[in-house]
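Please read the structure below before turning to the comments.
The values are calculated or read from the model by the stated rules, or taken from the named source; none is laboratory data. Note that the structure is predicted; figures quoted are calculated from it, not measured. When we count neighbours, we look across all protein chains shown, and the Cβ atoms used for this are built from the backbone with ideal geometry, even at glycine.
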Amino acid sequence: MKRLFAFLLFGVIVLAAGAPEGQAQTVNDNIYTKQNVKAKQPIPHVSLREADVMWSKKLWQMIDCRKKMNQVLYFPEETMEGRKSLIQVIMHGIRNEGLTAYQSDEFKQIMTQDEVNKELGAGKETREIRQADGTTKDTTIETGVRTEEIKKFMIKEQWYFDRKYSDMRVRIIGIAPIREYVDDDTGEKRKSQPFWIYFPEARSLLAHWEVFNRHNDAQRISYDDYFQQRRFNSYVVKEANVYGNRRIDEYTTGINTLLEARKVRRDIFRFEHDLWSY
């Protein structure tokens, strides 16, 4: 009887000791339960026939996350209050939800998760580790992906004039992170384009993660809403052309590159404007 009592008392003590930790894991940091963004589904596009597309043009635009308007895509650098940066959301989709990564914007060659990790800086490094006796020893350690080095995103989109609705519209086809890093061997600054994501496939993932609202914490939108509503700032880096879709900076330099990018946008605006008579 005494042994049974002692056993029950020990169990109560263990449960009591573990209670604060279990309670801390279920604490809600808000005064209400957030369900709006988590339950969202991407709004489907309207049906589009080839006969409805009177004019079309493919563009590639660059989104610089260092600009204030785009900083919501870069931060937080670590998961905070259930929020992730855009590259963290994409990596979460690749690792856990079967999101497909491609080598190019033609979306033909699929990349494995190990290839994606390698392109984002994951690998092995040899570092000098100081021992307890004061000596140093070369130790090989594995490094994770460097999501903080993703400073830009390139989007591939298609502008078209829909004769059915008589207006100019745009749809994003793909998105690619742009990595800016320092080469460990040469010490030089480099840029790379690790992979491409087919945007329509990623919409269901992006619709479940919220974007920070600078003005109202109670009215946050999803990443999918952010892109569909065109809330980002970007500039044109390439348009579909006969020269193998060459980039603008391949045939212009300096300020002429910026002027050419503005001209591409202005031509689209003028095309739509000239269709109407006033």
Selection count, the range 29-49, where residues are surrounded by 10 or more Cβ atoms within 10 Å (Cβ to Cβ) and of a type in the set (S, T, Y): 0
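Restricting to the range 202-260, give me the number of residues that are within 25 Å of P42 (Cα to Cα) and among the small types (G, A, S). Let's see the steps before the verdict.
Residues of the range 202-260 that are within 25 Å of P42 (Cα to Cα), as a first pass: 202-234.
The next check asks that each one be among the small types (G, A, S); those that pass are 202, 204, 207, 218, 222, 234.
Qualifying residue count for the region: 6.
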Residues satisfying the stated conditions in the range 139-159, i.e. farther than 23 Å from Q103 by Cβ and among the β-branched types (V, I, T): T139, T140, I141
Single match in D183, D167 (criterion: at pLDDT below 95 and either touching a helix residue (DSSP H, G or I) at 6+ places or on another chain (Cβ under 8 Å) or surrounded by 18 or more Cβ atoms within 10 Å (Cβ to Cβ) (or both)): D167
Neighbours by Cβ (under 7 Å, 6+ apart or cross-chain): first from the range 188-205, modelled with pLDDT under 95; second of a type in the set (F, W, Y): R190/Y181
Within the range 131-172, considering residues that are of a type in the set (A, V, I, L, M, F, W, C) and either in a loop (DSSP other than H, G, I, E, B) or within 14 Å of the chain's Cα centre (by Cα) (or both), the one farthest from M111 (Cα to Cα): A132
Subset tally (residues that are out of contact with any strand residue (DSSP E or B) (no Cβ under 9 Å at 6 or more places or on another chain), within 19 Å of A101 (Cα to Cα) and among the hydroxyl-bearing types (S, T, Y)) for the range 183-213: 1
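So that you can scan it fast, the table gives a plain yes or no per residue for (1) of a type in the set (F, W, Y); (2) over 17 Å from the mean Cα position of the chain (by Cα):
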| residue | (1), (2) |
| --- | --- |
| W196 | yes, no |
| A202 | no, no |
| A207 | no, no |
| Y226 | yes, no |
| N233 | no, no |
| K238 | no, yes |
| K263 | no, yes |
| R266 | no, yes |
| R270 | no, yes |
Identity of the residue in the range 110-164, among the aliphatic types (A, V, I, L, M) and loosely packed, with under 14 Cβ neighbours inside 10 Å, that ends up modelled with the lowest pLDDT: I141
Checklist (1) among the polar types (S, T, N, Q); (2) in contact with a helix residue (DSSP H, G or I) (Cβ under 8 Å, 6 or more places away or on another chain); (3) free of Cβ contacts under 8 Å to residues at least 12 places away in the same chain applied to T100, failing item: (3)
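Any residue in the range 33-51 that is part of a helix (DSSP H, G or I), acidic (D, E), touching a Lys or Arg at 6+ places or on another chain (Cβ under 7 Å) and within 30 Å of N245 (Cβ to Cβ)?
No.
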Residues of the range 244-261 satisfying the condition of being under 18 Å from S56 (Cα atoms) and exposed (fewer than 12 other Cβ atoms within 10 Å of the Cβ): G244
The range 104-121 - residue that is among the charged types (D, E, K, R) and within 16 Å of the chain's Cα centre (by Cα) and, of those, farthest from I197 (Cα to Cα): E119
The range 262-278 - residue that is of a type in the set (F, W, Y) and without any contact (Cβ under 8 Å) to a residue 40 or more places away in the chain and, of those, surrounded by the fewest Cβ atoms within 10 Å (Cβ to Cβ): Y278
So V53, is it farther than 25 Å from N213 by Cβ, touching a strand residue (DSSP E or B) at 6+ places or on another chain (Cβ under 9 Å) and at pLDDT below 95: no
Residues of the range 187-227 satisfying the condition of being under 16 Å from M154 (Cα atoms) and either surrounded by fewer than 17 Cβ atoms within 10 Å (Cβ to Cβ) or of a type in the set (V, I, T) (or both): K191, S192, Q193, I197, P200
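Within 19 Å of A101 (Cβ to Cβ), in contact (Cβ under 8 Å) with a residue 60 or more places away in the chain, in a loop (DSSP other than H, G, I, E, B) and within 15 Å of the chain's Cα centre (by Cα): is that true of P177 in this structure?
Spelling it out, it is not the case that P177 is within 19 Å of A101 (Cβ to Cβ), in contact (Cβ under 8 Å) with a residue 60 or more places away in the chain, in a loop (DSSP other than H, G, I, E, B) and within 15 Å of the chain's Cα centre (by Cα).
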